[in-house]
Ligand SMILES: [Fe+2]
């Protein structure tokens with residue numbers, strides 16, 4: 001017999017919806033951690049890969065939320081009166097990703113440009129300072145131990 005009783009699928013559907021909800025809670029928790037790391041990072045060189053990771057995460061996350069079995073299905077079943085509100089949130093995904101892409105690009109340009117240039121100059125200065133101090137130490141050491149008693 002090929003007839004199916006729709007009622008028999010109900011527990012499976014509920015269980016699937018429950019799993020999806022748990023996935024979203026878990027995703028949102030992981031996302032908050034990433035956001036917090038990005039927000040508190042003061043080193044632009046560390047921020048760059050972090051923003052790449054955030055972008056990858058958000059692309060997957062938003063895709064999952066927008067999928068046919070994503071957030072719309074859950075909200076339609078649980079609170080259909082909030083579907084309009086949800087649509088606005090889903091529409092904001094494109095804009096959020098675009099802003100993040102721009103920020104990634106800005107950070108990358110700053111890191112590859114001015115930051116790299118400053119670090120290169122810093123390295124040259126540090127090398128010179130070390131050589132300078134070493135030369136002074138040599139003169140001091142030579143003067144004190146080699147010329148001891150020989151100077152007029
Ligand atoms: Fe989300």
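The values are calculated or read from the model by the stated rules, or taken from the named source; none is laboratory data. No experiment lies behind these values; they were computed from the predicted model shown. Please note: Cβ atoms are built from the backbone with ideal geometry, for glycine as well, and neighbour counts cover all protein chains shown.
Before moving on, here are some points about what is shown:
- Residue match in the range 65-77 (condition: more than 20 Å from residue 41 (Cβ to Cβ) and under 21 Å from the mean Cα position of the chain (by Cα)): yes
- Subset of the range 17-40 [in contact (Cβ under 8 Å) with a residue 24 or more places away in the chain and either under 14 Å from the mean Cα position of the chain (by Cα) or more than 16 Å from the ligand (Cβ to nearest atom) (or both)]: 17, 30, 31
- Verdict on residue 102 being part of a helix (DSSP H, G or I), more than 16 Å from the ligand (Cβ to nearest atom), modelled with pLDDT of 95 or more and closer than 30 Å to residue 15 by Cβ: no
- The single residue among 52, 60, 77, 43 that is away from the ligand (no atom under 16 Å from the Cβ) and free of Cβ contacts under 8 Å to residues at least 24 places away in the same chain turns out to be 43.
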